[in-house]
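Q: Quick one: this structure, given as structure tokens, is what I'll be asking you about.
None of the figures in this text is laboratory data; all of them are computed from the coordinates on show. Worth saying up front: this structure is predicted, and the values here are computed from it rather than measured. Note that each Cβ is placed from the backbone with ideal geometry, even for glycine, and that neighbours are counted across all protein chains shown.
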Amino acid sequence: MQRFQFYNPRSVEDALNFLAEKGERSKIIAGGTDLIPGLRLEEIRPDFVLNIPEINPFRGIKEMDHSFWIGPTTTFTEMVESNLLSRSFPALVQSAASVGGPQIRNRGTIGGNIANASPAADVLPALLAHGGELELQSKRNGKRIIPLAEAILSPYKTCFRSDEILTGIILKKLELGTRSAFEKLGRRKAMARARMNLTLLLRLNHREEVSELRIVPGAVMPVAKRMDRTERMLLGKKPEPLLIEAASKTLAEEMVEVTGARWSTEYKIPVLKNIFKRMMKQLLIV
Amino acid sequence: MRERDQTRKKPFSCVGYSVPRIDALDKVLGRAVYSEDLSFPDMLYGRVLRAGIPHALIEEIDAREAKAMDGVVCVLTAKDVPGINRYGVAFQDQYALAEGKVRYIGDPVALVAAETEEIAKDAIKTIRVRYGKLPVITNPHEALAEGAPRIHDKGNLLLHTKIRKGDVEKGFGEADVVVEDTYKTHVVDHAYLETESGIGMMDKQGNLVIWSANQCPFRDRRQVAVVLGMRENKVRVIRATTGGAFGGKDDVTVEIHIGLLAWATGRPVRLVLDREESFLSQTKRHAIEIWTRWGARRDGKLCAMEGRVLGDTGAYAGLGAFVVKKCGIHLSGPYFIPNIKVDSYSLYTNNIIASAMRGFGVAQAAIAHESQMDELAKRLGINPLNFRLINALDVGLSTATGQVLYEGVGIKATLEKIKEVVLNHPSLQSYWKDLT
Amino acid sequence: MKKRGIGIGCMYYGMGYGFSRPDVSAAEVEICEDGSIIVRSGEVDYGQGSDTIFCQMVAEELGIRYDTIQLITADTFATPNAGPTSASRLTYVTGNAMVKASRAIKKTLQSVAEEILGERDLLFLDEEIFSESHPERRISFRQLAKEGHLRGLPMVETAWHDITTKDVNPETGQGDAYSTYAYAAQLAEVAVDTETGEVEVLRIVAAADVGKAINPSNVEGQIEGGVAMGLGYALTEEIKEEGGYLKTRNLGEYMIPTSMDVPPIDPHIVEVPVSSGPYGAKGVGEPALIPTAPAILNAIANAIGVRVTELPANLENLHRLIREKERD
């Protein structure tokens, strides 16, 4: 294991001061489930490691008037066990439950999952589907809030500045009647990197037409994103089987436009279509 | 509670009872001492430089920088080996440290002993090896091809084994149904929880003492002694608590390197492979390609089988020749077949060494023979379990090698047991309505 | 859509090395003056449980407690060579050496006991030696050991067991290849998701002919471990090499089944004894694993009519076969 200085900040201010000075040479550790393997493999070589889980206001789940706030060091287990989240964002909770195994879920945090920005991150697509926003703080610039969709630039790269800390994740409350679902496909039932995952969020109006639809596949593109074209195909229309079939084709095309054809495309195209179709079917039965 | 053993006319007192394992408490309480748990004063940490290139001539090794590093106690290459630089359980075709050329990515090229693990790791990275690349053989077909580059001087064919029982031409002539296919199995790792590890030192009497995770300290002793140029009675190999082996610790793993470093430094040396090094340098299960053809008569009796087994043994023999041989010998499965012809070839390639692993060639053979049995059963319209019962070996019948079995043939009994479970289980029975 | 099926896998397995390769094992049993026992053997228990069953065998023969035996193993300065732990040979080969050494020393003790008790129909049980017809005539194992030592009799015995076979004809491969064989059959029930290529193993029924289970729960443990390993072999585990380079570098990429992937396993011990094995026993280490992968592959074929001939039956490979079948 490489050598570095480990710093335990006493407060948010302390952490921000530390980063203002040494941010360039620092890495923030929350659960460590991504950072520690990175350190071991010497993929990263920080001089300082800033330990933030002990900072009080960083942890927990709160309900506000129009939104929910999730502290960045909230663990996946805490998300899974949260009644607040289960009621309001079942797909997000399912995605958190699909992370690693119990040990990883006990350590790993939502903030860490975002900051690590892995293309195969389990909760990122679900957060994107819910229109998550990130609250960032730094000593120099104070607070800023940015949409998650803009925060991840490329695999393992975010727009976070080196003196910034992710201090909160904000999820707007969904309109009544919104349904959501998440499915993960892995090579085994636990401790598996997603081969593919898919988050769907759907609302129908009183005419049974699609009034809201968000589709975010994960682990199939360098950066997860909403599949606008497919969403638009269904918006305002009745989700008949033939239309869903057509939409599934568009969805696969949208994916391939981003990734290009690779060895795995042959598998991913039909399977993404299949998973999309069966999840739509499930959501429409509800 | 004592049962009667009919053959011995007296009750068993201990055999046949599920008594607790004597090692259970130590293991669940974390008291068991694995070799990585052992440490001695003045202990050094060993590290191996692996080739990282599948097939190449070694043109130059420059270890000056490593030798000059603070905390590095010794750097060894092939020329430092005091005894005979060769080892291998059955065929001594492997080098303790690569000599002249490397034949797979895991070939050991140099050893370092240093005061800390970090220094040993860093030192390894400073050793510069200039290689002259050679063409790479990645599968048995390439290895067998005419004019293929030779991985070893004697060529790429390690062992050819033949089975000739009865007359296959005649046998297939009697067949009403013939099924033929090619099965390709892949490489897997033993993936034991504990990677290869050990610790060793010279004792005050000049004996070399090594504790390691191993499957046979005597076989390791034999190979260590030769490389170190010592008599076997001066080499003490002790099995430390071992966290799984499954065949992967049947060949020498760390023992020779530990011996060399302990001998060269006169200090205790610990050598533990990390998972990546274990994956890239240690033995695996063979990828075997099996072409096979089976014939059966309408009454359900097997009458002939033929097979060709190509085993990718990788860069060195290990126990690989025997694995491929055992695969060929067991290719007819636990069934009586009067006419058999099988050829098995164990071949050198530039892949990671394939040697012993739980199942030892029979795991691969079973994939082929059981698939064949199901395909035949389907074509004959016989339930697959019944089809196996019709053909199962029994007392008085002979195996592929013509060995007549006299007792203890349990295949029918195991099949009957499975049948009983299925027949007593409505949901299982629903799959096989033809099972009676 | 999920489709279900069942399949069977069988095997037989030559015990030990066969083909004239030396296949020998030694064990040494020593009785201390107070009747406590030291057993020395080069045998290696790397997790499979041989240490325990050898203590059971010695205890069985001498009528003592298995868990008070001092077992010294696998040290080339302190134990006699027992050969490697491989080829499912230890129970069968080393077990015989254990029984032989125990019986040799028991013979000595028996003669002393006959002299002291004046009876010949002696039983060694629960740390005592007594006459079956006159149970009141008895002596403790401890006292008997002391008497043996006082008489200067051999209180340590080494036994050597050899199952080396003759070689077969090199041109025809014909001959008695192995000393004996073990047999096993397993049944797998699977659910295949035809939309994704995922295989869920729902159940494994495993029957292994071990001749005689020295320790039934240990045998079941071997079966369960073997099934888990065979499941990984069939479905998820793969070391990928490309051009001689390794692509699978760690346990994050090498997919061993987790406890969530291993289904309920229903182990059945079948005992068809073989006279050359200790108490009729054969090995189970490898027979536990070998039938699993073929049983799963046959169950997949039963479920979806697709024959996997190239392993592993992972998501991509299986889904490709499913697509090919749909096209046909």
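Q: Suppose every K and R has +1 on its Cβ and every D and E has -1 on its Cβ; what is the size of the dipole of chain A about the Cα centre, in Debye to the nearest 20?
A: Values: 43 positive and 32 negative charges, 134 e Å.
My answer is approximately 640 debye.
Q: Turning to a different aspect of this structure: Taking 8 Å as the Cα distance limit and 6 or more residues as the minimum spacing, I'd like the relative contact order of chain B as a percentage. Don't skip to the answer; put the middle values down first.
A: On the way: 996 pairs, mean separation 79.7, N = 436.
That works out to 18 percent.
Q: Output the antiparallel fraction of DSSP beta bridges having both residues in chain A, as a percent to the nearest 5. Intermediate results must be reported in sequence, preceding the final value.
A: On the way: 37 of 45 bridges.
Taking every DSSP beta bridge with both residues in chain A, the antiparallel ones total about 80 percent.
Q: Also, quick follow-up: Can you give me the convex hull volume of the Cα atoms of the range B:337-397, divided per residue and expressed in Å³? Working shown, then result.
A: Values: hull volume 8.8 nm³, N = 61.
Residue-normalised Cα hull volume stands at 144 Å³.
Q: Follow-up question, since we're still on this one. Using amide H atoms built 1.01 Å from N in the peptide plane, name the residues 5+ places from C:E128, or on other chains, whose amide H lies under 5 Å from its own.
A: Sorted by chain and number, the residues that satisfy this are C:F141.
Q: Further question on the same structure: When the helix-only estimate is applied to chain B (DSSP H runs of n ≥ 4, each -39,500 (n - 2.57), divided by the residue count), what is the mean residue ellipticity at 222 nm, nearest 500 deg cm²/dmol? All intermediate terms of the calculation are to be shown ahead of the outcome.
A: On the way: 13 runs with 115 residues, N = 436.
Value at 222 nm, helices only: -7500 deg cm²/dmol.
Q: Could you work out the per residue convex hull volume over the alpha carbons of chain A, in cubic angstrom? Walk me through the numbers before you get to the answer.
A: Numbers: hull volume 37.5 nm³, N = 286.
Looking at chain A, the number lands at 131 Å³ per residue.
Q: Compute the acute angle (0 to 90°) between the alpha-carbon long axis of helix C:90-117 and the principal axis of greatest extent of the alpha-carbon atoms of chain C; round to the nearest 10°.
A: For helix C:90-117, the angle is close to 20 degrees.
Q: Among B:L25, B:L49, B:L319, which one shows the biggest mean-square fluctuation in a GNM of chain B, springs joining Cα atoms closer than 10 Å?
A: Greatest mean-square fluctuation among the candidates belongs to B:L25.
Q: Kirkwood hydrodynamic radius, the range A:5-172, all distinct C-alpha pairs: what's the number in Å? Mind showing how you got there, number by number?
A: Values: mean 1/r = 0.0628 Å⁻¹.
About 15.9 Å for the range A:5-172.
Q: Count neighbours as other Cβ atoms within 10 Å of each site's Cβ, and list the GluC sites (Glu not before Pro) in the range C:179-287 that are DSSP loop with at most 16 such neighbours.
A: Details: sites: C:E189, C:E195, C:E198, C:E200, C:E220, C:E224, C:E237, C:E238, C:E241, C:E242, C:E253, C:E271; in loops: C:E195, C:E237, C:E238, C:E253, C:E271.
The qualifying sites are C:E253.
Q: Let me see the P(r) profile for the protein assembly as shown: every Cα-Cα distance counted, bins of 20 Å, each bin given as a percent of all pairs.
A: That works out to 12, 37, 36, 14, 2, 0, in percent per bin.
Q: Same structure, new question: Write down the radius of gyration of chain C and its Dmax, each obtained from C-alpha positions, in Å.
A: Rg then Dmax for chain C, in Å: 24.9, 85.
Q: Also: How crowded by other chains is B:353-361, given as the mean number of beta carbons from other chains within 10 Å of each beta carbon? Provide the component values of the computation, followed by the final result.
A: Details: counts 0, 1, 0, 3, 5, 13, 16, 8, 2.
So the per-residue partner count for this stretch is 5.
Q: For the range A:158-166, what does the Karplus curve 6.51 cos²θ - 1.76 cosθ + 1.60, with θ = phi - 60°, yield as ³J(HN,Hα) per residue in whole Hz, taken in order and with x for Gly and Pro?
A: 10, 8, 4, 7, 5, 9, 9, 10, 6
Q: Please tell me the relative contact order of chain C in percent, rounded to the nearest whole number, where contacts are Cα pairs under 8 Å and at least six residues apart.
A: Working: 758 pairs, mean separation 87.2, N = 328.
Relative contact order for chain C comes out at 27 percent.
Q: Could you pull out the chymotrypsin sites (Phe, Trp or Tyr not before Pro) across the range A:219-286 that fall in loop regions by DSSP (anything but H, G, I, E, B) with no more than 11 other Cβ atoms inside 10 Å?
A: Numbers: sites: A:W263, A:Y267, A:F276; in loops: A:W263.
Qualifying residues, ordered by number: A:W263.
Q: Another question, if that's okay. Output ³J(HN,Hα) for the range B:124-137: one whole-Hz value per residue in order, computed from phi by the Karplus curve 6.51 cos²θ - 1.76 cosθ + 1.60 with θ = phi - 60°, and x for Gly and Pro.
A: Per-residue couplings from phi come out as 4, 5, 8, 6, 9, 10, 9, 10, x, 4, 10, x, 9, 9 Hz.
Q: What percent antiparallel are the DSSP beta bridges of the protein assembly as shown, to the nearest 5? Don't jump to the answer; show the numbers that get you there.
A: On the way: 140 of 177 bridges.
Around 80 percent of the beta bridges assigned by DSSP in the protein assembly as shown are antiparallel ones.
Q: If you keep only loop residues by DSSP, which trypsin sites (Lys or Arg not before Pro) in the range C:229-296 have at most 12 other Cβ atoms within 10 Å of their Cβ?
A: Those that pass, being in a loop and sparsely packed, are C:K247.
Q: Cα-Cα over 31 Å: which of A:K62/C:K2; B:K170/C:K282; B:K234/B:K326; A:K184/C:K325; A:K184/B:K378; A:K281/C:K325? Mind showing how you got there, number by number?
A: On the way: A:K62/C:K2 40 Å; B:K170/C:K282 36 Å; B:K234/B:K326 35 Å; A:K184/C:K325 25 Å; A:K184/B:K378 36 Å; A:K281/C:K325 25 Å.
Going by Cα-Cα distance, A:K62/C:K2; B:K170/C:K282; B:K234/B:K326; A:K184/B:K378 fall outside the 31 Å limit.
Q: Send over the semi-axes of chain B's equivalent ellipsoid, whole angstrom and largest first, taken as the square roots of 5 times the C-alpha gyration tensor eigenvalues. Let's see the in-between values first.
A: Values: eigenvalues 436, 170, 63 Å².
In descending order the semi-axes read 47, 29, 18 Å.
Q: What residues have an amide H closer than 5 Å to that of A:G100, excluding those fewer than 5 places away on the same chain, when H is modeled at 1.01 Å from N in the peptide plane?
A: So A:G100 has HN proximity to A:M191, A:A192.
Q: Can you tell me, using C-alpha contacts under 8 Å and at least 6 residues apart, the relative contact order of the range A:5-172 as a whole percent? Working shown, then result.
A: Numbers: 309 pairs, mean separation 42.0, N = 168.
The normalised contact order for the range A:5-172 reaches 25 percent.
Q: Same structure again: Using only helices, what value at 222 nm comes out for chain C when you add -39,500 (n - 2.57) per DSSP H run of length 4 or more and divide by the total residues, to the nearest 500 deg cm²/dmol?
A: Values: 6 runs with 97 residues, N = 328.
Here the helix-only value at 222 nm equals -10000 deg cm²/dmol.
Q: Continuing with this model, one more query. About its Cα centre, what dipole magnitude does the range B:125-237 give when the only charges are +1 on Lys and Arg Cβ and -1 on Asp and Glu Cβ, stated in debye to the nearest 20?
A: 1080
Q: Mind pulling the angle between the C-alpha long axis of helix C:315-327 and the longest principal axis of chain C? Nearest 10 degrees, somewhere in 0 to 90.
A: Roughly 50 degrees between the two axes.
Q: Enter the Cα centre distance for the pair the range C:251-326 and the range B:345-368, rounded to the nearest angstrom.
A: 17
Q: Here's a follow-up. Could you tell me how many degrees, from 0 to 90 and to the nearest 10, lie between the Cα long axis of helix A:12-22 and the main elongation axis, the longest principal axis, of the Cα atoms of chain A?
A: For A:12-22 against chain A, the angle is about 80 degrees.
Q: If the elastic network links every pair of Cα atoms under 10 Å, which of B:P338, B:P11, B:P20 fluctuates the most in the Gaussian network model of chain B?
A: Of B:P338, B:P11, B:P20, the Gaussian network model singles out B:P11 as fluctuating most.
Q: When only alpha-carbon atoms are used, what values of Rg and Dmax, in angstrom, describe the range C:24-162?
A: My reading of the Cα-based Rg and Dmax gives 15.2, 47 Å.
Q: Whole Å is fine, so just give me how far the alpha carbon centre of the range B:310-341 lies from that of the range B:226-296.
A: 23
Q: Here's something else I'd like to know. Kirkwood hydrodynamic radius, the range B:109-243, all distinct C-alpha pairs: what's the number in Å?
A: Numbers: mean 1/r = 0.0473 Å⁻¹.
That comes to 21.1 Å for the range B:109-243.
Q: Provide A:F48, A:F68 in ascending order of the number of other Cβ atoms located within 10 Å of each residue's Cβ, fewest first.
A: Working: A:F48 18, A:F68 21.
With the fewest neighbours first, A:F48, A:F68 line up as A:F48, A:F68.
Q: Near A:K173, which aspartates and glutamates are there with a Cα under 18 Å away, not counting those fewer than 8 places off in the same chain?
A: The reachable aspartates and glutamates, counting only those whose Cα sits under 18 Å from A:K173, are A:E63, A:D65, A:E133, A:E135, A:E212.
Q: So what's the gap between the Cα centers of the range A:193-246 and the range C:123-166, to the nearest angstrom?
A: 79
Q: Right, something else. Pick from B:S278, B:S398, B:S197 the residue whose mean-square fluctuation is largest in a GNM of chain B, springs joining Cα atoms under 10 Å.
A: Result: B:S398 has the largest fluctuation of those listed.
Q: Where does each of C:H319, B:H425 land when they are ranked from fewest to most other beta-carbon atoms within 10 angstrom?
A: Lowest count first: B:H425, C:H319.
Q: Per residue, how big is the convex hull around the C-alpha atoms of the range C:142-232? Give it to me in cubic angstrom, could you?
A: Numbers: hull volume 18.7 nm³, N = 91.
In the range C:142-232, the Cα convex hull volume per residue is 205 Å³.
Q: What residues have an amide H closer than 5 Å to that of C:T180, excluding those fewer than 5 places away on the same chain, when H is modeled at 1.01 Å from N in the peptide plane?
A: Close amide H contacts, sequence-distant or interchain: C:M15.
Q: Hey, another quick one. Got a sec? How would C:D67, B:D299, C:D261 order by Cβ neighbour count within 10 Å, fewest to most? Write down the numbers at each step before the final one.
A: Values: C:D67 14, B:D299 9, C:D261 22.
By the 10 Å Cβ count, ascending, the order reads B:D299, C:D67, C:D261.
Q: May I pose another question? Got a sec to turn the phi values of the range A:42-53 into Karplus ³J(HN,Hα) couplings, 6.51 cos²θ - 1.76 cosθ + 1.60 with θ = phi - 60°, whole Hz, x for Gly and Pro?
A: 6, 6, 10, 9, x, 7, 10, 10, 9, 9, 10, x
Q: When only alpha-carbon atoms are used, what values of Rg and Dmax, in angstrom, describe the range A:180-285?
A: Gyration radius and largest Cα-Cα distance of the range A:180-285: 13.5, 44 Å.
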